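Accompanying notes for the structure given below.
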Amino acid sequence: MAQGSDDGNPEDGKILSPEELDIADDEHVTQIDESRYVVSSDVRTDDSPGTQATPTPDPEPEPKPEPETPEFTDANVHEWLATQMDESNARYGFDVTAKFDGGVDQQKLVSNDIVTVFESLLLWYARQLDGSTPVEEVLGILLSQSNVPVRYPSSTVQDLVKSTNLGPDDTIADLIEAVDDEDGLEL
């Protein structure tokens, strides 16, 4: 195919000769030799042949003002925490800071599963109270010693009775004896 021909692949476009480009008058082009040019994108070049383009230094940026350090108060910290929780994509969550025997610990969790959130909060709290007692026992002690009545679904009691292999002729005393265990009762 001849140079400058319009035939061929239409996506390739027309091939231009150096005369057709007419780049000599462009302010971003400096000729350095016969048919040799330095082309810069947006930088001034020295017009003398044989020199390379030198960038113009950027002006010194104006100093940015220092951001003001907010004064933290209980109100704005709680407001910030509430905003963070509200902006999460989860339906449930907690963000707790608690003190245990002089130590402070924090825990945060967000989830779309309400049981996971509740369970995580209880387990975290129980772990902070006593590292040597099993978590299940700590939770059992807390619930049994609190003034909060706990109502279990009747299916929980039915499952408990089924796990003992007791029948309709057995007594409540038999049930208590069957579930009496060193490890306690697990519902």
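Where helices (runs of 4 or more DSSP H) fall wholly inside the range 79-187, the ranges with 2 or more residues that are open to solvent by 50 Å² or more (accessible area, probe 1.4 Å) and aromatic (Phe, Trp, Tyr) are 114-129.
Here is the figure for the range 64-78: residues that are of a type outside the set (A, V, I, L, M, F, W, C) and open to solvent by less than 70 Å² (accessible area, probe 1.4 Å) total 2. Is there a residue in the range 135-150 that is over 34 Å from the mean Cα position of the chain (by Cα), modelled with pLDDT of 80 or more, among the hydroxyl-bearing types (Ser, Thr, Tyr) and farther than 30 Å from ASP26 by Cβ? Checked the range 135-150: at least one residue is over 34 Å from the mean Cα position of the chain (by Cα), modelled with pLDDT of 80 or more, among the hydroxyl-bearing types (Ser, Thr, Tyr) and farther than 30 Å from ASP26 by Cβ.
A search for C-beta distances below 8 Å between a residue of the range 131-142 that is touching a residue at least 40 places away in the same chain (Cβ under 8 Å) and any residue that is open to solvent by less than 70 Å² (accessible area, probe 1.4 Å), counting only pairs 6+ apart in sequence or on different chains, returns GLU136/GLY184; GLU137/GLY184; GLY140/GLY184.
The values are calculated or read from the model by the stated rules, or taken from the named source; none is laboratory data. Remember, predicted model here, so these are calculated numbers, not experimental data. Methodologically, a virtual Cβ is constructed for each residue, glycine included, from the backbone with ideal geometry; neighbour enumeration extends over all protein chains shown. Side chains included, ligands, DNA and RNA excluded: accessible areas come from the protein's heavy atoms. Shrake-Rupley method; radii C 1.70, N 1.55, O 1.52, S 1.80 Å.
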